[in-house]
Amino acid sequence: MRIKDLREDADLTQQNIAEYLNIKQNTYCQYEKGQRQIPIDLLIKLTEYYGVSVDYILGLTDIKTPYPKN
């Protein structure tokens, strides 16, 4: 998963993103380390925040561009 890279590229802390997602910093840390799975609703919020696709965050593609909305 690329959530750590996205966060660091944006010069944000885990606390910044945890506050945006309305979760504890420790929980977000576990997502970055792969110790917990990210719930779909939070994954969607991250894609909207960073302007990338779910596939990009999950490492399924190297194309950052999100899919167009219908």
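Computed values, structure above
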| read-out | value |
| --- | --- |
| Full-stretch length increase - residue 8, residue 40 - with 0.36 nm per residue and alpha-carbon distance subtracted | 9.4 nm |
| Accessible area per residue in Å² at 1.4 Å probe, computed on the chain | 69 Å² |
| Dipole magnitude (debye, nearest 20) for segment 1-58, charges at Cβ of Lys, Arg, Asp, Glu | 260 debye |
| Label point distance in nm, residue 49-residue 30, each placed 7 Å from Cα along Cα→Cβ | 1.7 nm |
| Entries of 24/45; 33/69; 4/69; 4/45 with Cα pairs more than 22 Å apart | 33/69; 4/69 |
| The chain, relative contact order in percent, only Cα pairs under 8 angstrom and at least six apart counted | 28 percent |
| Gyration tensor verdict on segment 1-42 (Cα atoms; rounded if a/c is under 1.5, prolate if a/b is larger than b/c, oblate otherwise) | oblate |
| Loop GluC sites (Glu not before Pro), the chain, which have at most 14 other Cβ atoms in a 10 Å radius of their Cβ (DSSP) | none |
| Residue-averaged 222 nm ellipticity for the chain, from DSSP H runs of 4+ at -39500 (n - 2.57), nearest 500 | -15500 deg cm²/dmol |
| J(HN,Hα) series, segment 34-51, from Karplus relation 6.51 cos²θ - 1.76 cosθ + 1.60, nearest Hz, glycine and proline x | x, 7, 9, 8, 7, x, 3, 4, 6, 4, 5, 4, 5, 5, 5, 5, 8, x |
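The values are calculated or read from the model by the stated rules, or taken from the named source; none is laboratory data. Model, not experiment: these values are computed from the prediction. No Cβ is skipped: glycine too gets one built from the backbone with ideal geometry, and neighbour counts run over all protein chains shown. Heads up: the accessible areas ignore ligands, DNA and RNA and are worked out on the full protein's heavy atoms, side chains in. Shrake-Rupley method; radii C 1.70, N 1.55, O 1.52, S 1.80 Å.
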